[in-house]
Amino acid sequence: MKTLELDTPVLLIDSDALDRNIARMKDMTAAAGVTYRPHAKTHKSAVIAAKQIDAGAVGVCCAKLGEAEVMAAAGIDNILITTAVIGESKIFRLLHALNSVRIAVVADNEDNINMLGRMAQLAGQQLDVIVEVDIGQGRCGVPAGPEAARLAQIIDALPNLNFAGIQGYQGKIQMVEDADMRKADTETGLDKFAATLAEVEKTGLSVPVKTGGGTGTSPFDMERGLLTELQTGSYVFMDSRYGGIGWPGANAPPFEQSLHILTGVVSKPAPDRVIVDAGLKSASSDHGPPVIADVDGRTYEFGGDEHGIIRMTDGGEVPWNVGDKLRLVPSHCDTTVNLYDQYMVVQGDEVIDVWQIDTRGRVQ
Ligand SMILES: Cc1ncc(COP(=O)(O)O)c(C=O)c1O
C-alpha cells in the first residue's frame with residue numbers, strides 16, 4: 001500500500017531513518033565507552049525497544065509501572081522504572097512483573113523503600129533500587145548530597161533490596177538551544193551528581209549504576225564520563241523542538257526526523273487557507289503546534305480538537321486542495337505518540353508494517 005493511500009490523520013515512522021537513529025546512538029555510546037538504556041516513554045513500542053536492545057542497549061527505561069508491565073509481558077528484559085512506585089497495590093504489581101523479567105525501580109522516600117523491602121521479603125524476591133537525586137530539575141529526588149547516602153544505606157540494610165545506583169535527570173535543560181549553554185547546565189547538574197556519589201561512596205557502598213541524561217545532554221554526558229548509563233529517549237524520533245537545538249561542532253543534532261503525522265486536507269474555504277484533519281487530538285500542543293514537513297512558507301495553527309489551519313506566510317494561495325495529504329513534524333514526539341494506537345511504518349512511499357503503540361495510555 002502507498003503511504004498516501006492511508007486514512008488520515010495517521011502516525012508514520014520512516015523505518016530507515018529510525019534505524020539510522022538507533023545505529024547512531026549505538027555508535028556514539030560505543031565510542032564514548034558508556035552503556036545506554038533508552039527511554040521507552042518516547043515510543044511506547046515493544047518492537048522499537050527490541051530494536052534498541054538488539055543494537056546494544058542494556059535494557060530500557062519506562063516512565064511508569066504500567067509501561068513496564070506491558071514491556072515485560074512482551075519479553076523486554078532489564079527495565080528501569082524511572083519514577084517511584086508508590087503504595088501496596090502498585091508494589092504488588094511490580095513484584096508480579098518481576099517474576100518474568102529483571103526490573104529495577106527508583107526511590108527517594110524512606111517509607112516507600114521500607115514498603116518495597118517488606119513486600120519483596122513477603123514475596124521472597126530480590127529487588128534492585130536506585131536512589132533518585134534532584135540534580136536541578138526541582139521535581140522528584142532527594143537533594144544532592146548526604147540524604148542519598150542515608151537512603152542507600154537503608155536499602156542496603158534491607159535483606160530483599162539491593163542498592164543498585166543513583167539516578168539524576170534534568171528534563172528542563174534537554175532542549176536549551178545554545179549548545180554551550182546546554183553544556184554548562186549539564187556540567188552543573190553532573191557536579192551535583194558527583195557530589196552525591198562521593199557521599200554514597202564514603203559509606204563504603206559501591207554505586208554500580210549511575211544513570212540519567214537525555215538526547216539533548218547526551219554529547220556532554222558522554223564527554224564527562226560520569227554516567228554509566230544514558231537514558232536517551234527522543235533521539236529515535238526527534239521533533240521540531242529537538243530538531244532546532246545546536247550540537248557541538250555541527251549545526252544540527254545527528255539524528256533525523258523519523259516520526260510524522262500524515263494529515264489530509266478536508267476543506268479549502270478560501271484560496272489562502274486549507275483545513276486539515278489533524279488538530280489537538282492528533283498533535284500534542286505542549287511544545288506548540290506541529291510544523292509542516294519539507295516545505296517553507298506555510299504555517300500550521302491549531303483549529304480546534306479535530307482541525308488544523310494552514311496558510312501561506314506571504315498570504316498567497318495554498319497549493320493544496322481537498323483530498324491532498326501532507327506530513328507534519330510533531331512539536332513533541334512523546335506526547336504526540338500517546339495520542340495514537342498504531343504506527344504505520346513506511347519505507348520510501350510504501351507502507352511496510354504496522355506496529356502497536358503498546359504502552360499508550362499506561363500512565364498508572
Ligand atoms: C527520567 C527520564 N530520563 C530520560 C528521558 C529521555 O529524555 P529525552 O527524550 O530528552 O531523550 C526522560 C524524558 O522525559 C525522562 O523523564
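The values are calculated or read from the model by the stated rules, or taken from the named source; none is laboratory data. Not measured: the values here are computed from a predicted model. We place every Cβ from the backbone using ideal geometry, glycine too, and count neighbours over all the protein chains shown.
Please enumerate the residues belonging to region 56-74 that are away from the ligand (no atom under 15 Å from the Cβ), crowded, with 18+ Cβ neighbours inside 10 Å, more than 18 Å from Y340 (Cα to Cα) and hydrophobic (A, V, I, L, M, F, W, C). Residue satisfying the conditions is A72 alone. Select from region 206-255 the residues that are closer than 30 Å to Q347 by Cβ and surrounded by fewer than 19 Cβ atoms within 10 Å (Cβ to Cβ) and list them in ascending order. Listed by number, the residues that qualify are G243, G244, I245, W247, A250, N251, A252, P254. On the stretch given as region 316-341, residues that are surrounded by 15 or more Cβ atoms within 10 Å (Cβ to Cβ) and under 14 Å from P9 (Cβ atoms) total 11.
Any idea which residue in region 295-315 is surrounded by the most Cβ atoms within 10 Å (Cβ to Cβ), counting only those that are at pLDDT 90 or above and part of a loop (DSSP other than H, G, I, E, B)?
Going through the qualifying residues, I end up with H307.
Across region 137-172, the qualifying residues are those that are within 30 Å of A252 (Cα to Cα) and surrounded by fewer than 22 Cβ atoms within 10 Å (Cβ to Cβ), and the one among them that is farthest from the ligand (Cβ to nearest atom) is G138. Among the numbered conditions (1) touching a His at 6+ places or on another chain (Cβ under 8 Å); (2) within 16 Å of the ligand (Cβ to nearest atom), the only one that D277 does not meet is (2). Listed conditions (1) closer than 18 Å to P253 by Cα; (2) surrounded by fewer than 23 Cβ atoms within 10 Å (Cβ to Cβ) are all met by L197, apart from (1).
Can you tell which of V276, V266 is closer than 14 Å to T8 by Cα, modelled with pLDDT of 95 or more, in the same structural domain as V345 (by TED's automatic domain parsing) and in contact with a Gly (Cβ under 7 Å, 6 or more places away or on another chain)? Answer to the selection: V276. Here D358 meets each of (1) buried (at least 17 other Cβ atoms within 10 Å of the Cβ); (2) in a strand (DSSP E or B) with one exception, condition (2). Residues in region 1-44 that are among the charged types (D, E, K, R) and assigned to a helix (DSSP H, G or I): E5, D16, D19, R20, R24, K26, D27. If a residue must be of a type in the set (V, I, T), within 13 Å of the ligand (Cβ to nearest atom) and outside any strand (DSSP E or B), how many such residues does region 203-240 contain? Residues meeting the conditions: 4. Restricting the first member to region 61-81 and to residues that are farther than 15 Å from R37 by Cα, and the second to residues that are modelled with pLDDT under 95 and surrounded by 22 or more Cβ atoms within 10 Å (Cβ to Cβ), no beta-carbon pair is closer than 7 Å while six or more apart or on different chains. What residue, among those in region 264-294 that are of a type outside the set (V, I, T), touching a Ser or Thr at 6+ places or on another chain (Cβ under 8 Å) and in a strand (DSSP E or B), is nearest to Y343 (Cα to Cα)? By that ranking, first place goes to G264. Note on region 45-79: residues that are assigned to a strand (DSSP E or B) and over 14 Å from S100 (Cα atoms) amount to 3.
Pick from V337, V329: which is touching a Ser or Thr at 6+ places or on another chain (Cβ under 6 Å), within 16 Å of the ligand (Cβ to nearest atom) and at pLDDT 95 or above? Even if it seems obvious, please write down each step before you answer.
On the way: V337 fails: touching a Ser or Thr at 6+ places or on another chain (Cβ under 6 Å).
Of V337, V329, the one residue that is touching a Ser or Thr at 6+ places or on another chain (Cβ under 6 Å), within 16 Å of the ligand (Cβ to nearest atom) and at pLDDT 95 or above is V329.
Within region 323-339, residues that are acidic (D, E) sit with their Cβ atoms under 6 Å from residues that are modelled with pLDDT of 95 or more and not in a loop (DSSP other than H, G, I, E, B), at 6+ positions apart or across chains, in these pairs: D324/V265.
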